[in-house]
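The values are calculated or read from the model by the stated rules, or taken from the named source; none is laboratory data. Source: prediction; values computed, not measured. Counting neighbours? That spans all protein chains shown, and the Cβs are built from the backbone with ideal geometry, glycine included.
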């Protein structure tokens, strides 16, 4: 049977339906990801115990979805959309500007663990390209000038 | 609903719950007949008849059924669902309630892509308001015994989850890997119960269709493609954005509407779509000609289309779930081929092999991703021969590595 141990208390009020417990896996992982910024081995073990599945199954799901991290990343994750409409609008210039301002390369995290810079596929903001995601927030019409302001606001 | 936007169907005027009220009046079989008579086809891109889908689910003897709204909008260049969910959410949810009524489901899921997570608060507010209005919950709008509610599920950044069986796998807490079809979700869906998965846009249309009837709906569009389509237009144009247009609109008209100049090519249907050249600009958006989920990306004369193809293929390489061989192994070969073509090192002989590989992927891949990922590659090679030059060498220099 399923033990309750904190992981189940995600903000979406959920109904438990016997074998359908497994369907809670993504909401639980999203909850942990939101709170901690990554999903540790211990988290995966605990979640597996609660759902009555093998930790490897949890690991296989965590690593399938690009928004779940198994390593700690920066406090803020900046994702620059690199779908073709954004590339046409100059998204690579935005990437370069972030790299310059943050003094890191794409895929890296700043030394103070504040920022992680990534590229991502289409985020549904092509009409306002170039666009970025800062954590969950979508921001369009980015210019190299705005990049500095965004970083300043987050600091 | 405030009519900020204008359009023939979705963006036309409608009173709150007018569709749902009319649907409850028509009864379950009346709604099914309405949707079938309308010839409405799914707006996600595949174009499966919605009425048939619902009928199959309705006919199932299973007591538990589900309605799923596919809001995992991930096709590069598509953002219409973002507009619908932020500006017209009730229109979509009303359509879901109507679907629940027609097929006999009490539970609906909105599968929202992870990128749109910031919309949740406003969506939850709308759902709460619908509950207060009696449009969700028990005995909906006074209809005794008809209960329905909607739960939000969020994706986590996987394009493949827009494929309906992968979406269901994801909802069940699994990796988003497509299932074999058949059985189809209408028969064996969420936890093996009959499940109708429809696009956000399809549900929004349903609400208008229920309120305004079949003959009104059929007066829009072409004979084979009834109604309207939302287009997400972006790229080299002045007025990018979401437009609602009647089916049958030509590429030429779209280019004019978007204020694009000096247009070399138009990518219809996003990364999985086709690249249309100038001499085909009189082709139309419709199920009988260019069928699309609505992504329109415009390229001007300065753009290199091989760059675009490489961008699409790299995207697919990242997003392929890796289950089946044609997709997993085919994409890297095509990416390598783009580089050969750029350098002018691809021979005529190898080009033939590449076409044959592309066609194999279209035929033999398990799901829509694999089947459609060579489209852009093949259409650019076919329609834009000036974009690349072939090696003069006659020998079959480059072969597949097994």
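Anything in the range B:194-240 that is touching a residue at least 12 places away in the same chain (Cβ under 8 Å), surrounded by fewer than 20 Cβ atoms within 10 Å (Cβ to Cβ) and not in a helix (DSSP H, G or I)? List them, or say none.
Once the filter is applied, which keeps residues that are touching a residue at least 12 places away in the same chain (Cβ under 8 Å), surrounded by fewer than 20 Cβ atoms within 10 Å (Cβ to Cβ) and not in a helix (DSSP H, G or I), the range B:194-240 yields B:213, B:220, B:222, B:224, B:238, B:239.
Checking the condition assigned by TED's automatic domain parsing to the domain that holds residue B:62, surrounded by fewer than 23 Cβ atoms within 10 Å (Cβ to Cβ) and under 30 Å from residue A:84 (Cβ atoms), which residue from B:156, B:166 passes?
Matching residue, one of B:156, B:166: B:156.
Please go through the range B:265-285 and pick out each residue that is on the phi > 0 side of the Ramachandran plot and not in a helix (DSSP H, G or I).
Once the filter is applied, which keeps residues that are on the phi > 0 side of the Ramachandran plot and not in a helix (DSSP H, G or I), the range B:265-285 yields only B:269.
Among residues belonging to the range A:86-105 that are outside any helix (DSSP H, G or I) and within 14 Å of chain B (Cβ to nearest Cβ), point out the one that is surrounded by the most Cβ atoms within 10 Å (Cβ to Cβ).
Step by step, filter the range A:86-105, then rank; the result is A:89.
For residue A:57, all conditions in the list (1) over 13 Å from the mean Cα position of the chain (by Cα); (2) within 11 Å of chain B (Cβ to nearest Cβ); (3) buried (at least 21 other Cβ atoms within 10 Å of the Cβ); (4) more than 20 Å from residue B:73 (Cβ to Cβ) hold save one; what is the number of the exception?
With respect to (1) over 13 Å from the mean Cα position of the chain (by Cα); (2) within 11 Å of chain B (Cβ to nearest Cβ); (3) buried (at least 21 other Cβ atoms within 10 Å of the Cβ); (4) more than 20 Å from residue B:73 (Cβ to Cβ), residue A:57 is out only on (3).
If only one of A:118, A:111 is without any contact (Cβ under 8 Å) to a residue 60 or more places away in the chain, on the phi < 0 side of the Ramachandran plot and not in a strand (DSSP E or B), which one is it?
Step by step, each of A:118, A:111 is checked, and only A:111 is without any contact (Cβ under 8 Å) to a residue 60 or more places away in the chain, on the phi < 0 side of the Ramachandran plot and not in a strand (DSSP E or B).
Tell me, which residue of the range B:291-310 that is part of a helix (DSSP H, G or I) and touching a residue at least 12 places away in the same chain (Cβ under 8 Å) is surrounded by the fewest Cβ atoms within 10 Å (Cβ to Cβ)?
Taking the range B:291-310 as the starting set, the residues that turn out to be part of a helix (DSSP H, G or I) are B:305-310.
Imposing the further condition that a residue be touching a residue at least 12 places away in the same chain (Cβ under 8 Å) reduces the set to B:305-306, B:308-310.
Numbers: B:305: 22, B:306: 18, B:308: 24, B:309: 29, B:310: 21.
Selected residue: B:306.
Does the range A:60-85 hold any residues that are at the interface with another protein chain (Cβ under 9 Å from one of its Cβ atoms) and in a loop (DSSP other than H, G, I, E, B), and which are they?
Once the filter is applied, which keeps residues that are at the interface with another protein chain (Cβ under 9 Å from one of its Cβ atoms) and in a loop (DSSP other than H, G, I, E, B), the range A:60-85 yields A:65, A:66, A:67, A:68, A:82, A:83.
Quick check on the range B:165-173. Is at least one of its residues at the interface with chain A (Cβ under 10 Å from one of its Cβ atoms), closer than 18 Å to residue A:59 by Cα and in a loop (DSSP other than H, G, I, E, B)?
Taking every residue of the range B:165-173 in turn, at least one turns out to be at the interface with chain A (Cβ under 10 Å from one of its Cβ atoms), closer than 18 Å to residue A:59 by Cα and in a loop (DSSP other than H, G, I, E, B).
Can you tell me which residue in the range B:113-141 is surrounded by the fewest Cβ atoms within 10 Å (Cβ to Cβ), limited to those that are in contact (Cβ under 8 Å) with a residue 40 or more places away in the chain and assigned to a helix (DSSP H, G or I)?
Among those that are in contact (Cβ under 8 Å) with a residue 40 or more places away in the chain and assigned to a helix (DSSP H, G or I), it is B:141.
Condition (residue is free of Cβ contacts under 8 Å to residues at least 12 places away in the same chain, surrounded by fewer than 20 Cβ atoms within 10 Å (Cβ to Cβ) and within 14 Å of another protein chain (Cβ to nearest Cβ)) applied to the range B:320-331: is it met by at least one residue?
Looking through the range B:320-331, at least one residue is free of Cβ contacts under 8 Å to residues at least 12 places away in the same chain, surrounded by fewer than 20 Cβ atoms within 10 Å (Cβ to Cβ) and within 14 Å of another protein chain (Cβ to nearest Cβ).
Could you tell me which of the residues B:220, B:249, B:206 is farther than 23 Å from residue B:283 by Cβ and away from chain A (no Cβ under 14 Å)?
Going through B:220, B:249, B:206 in turn, the sole match is B:206.
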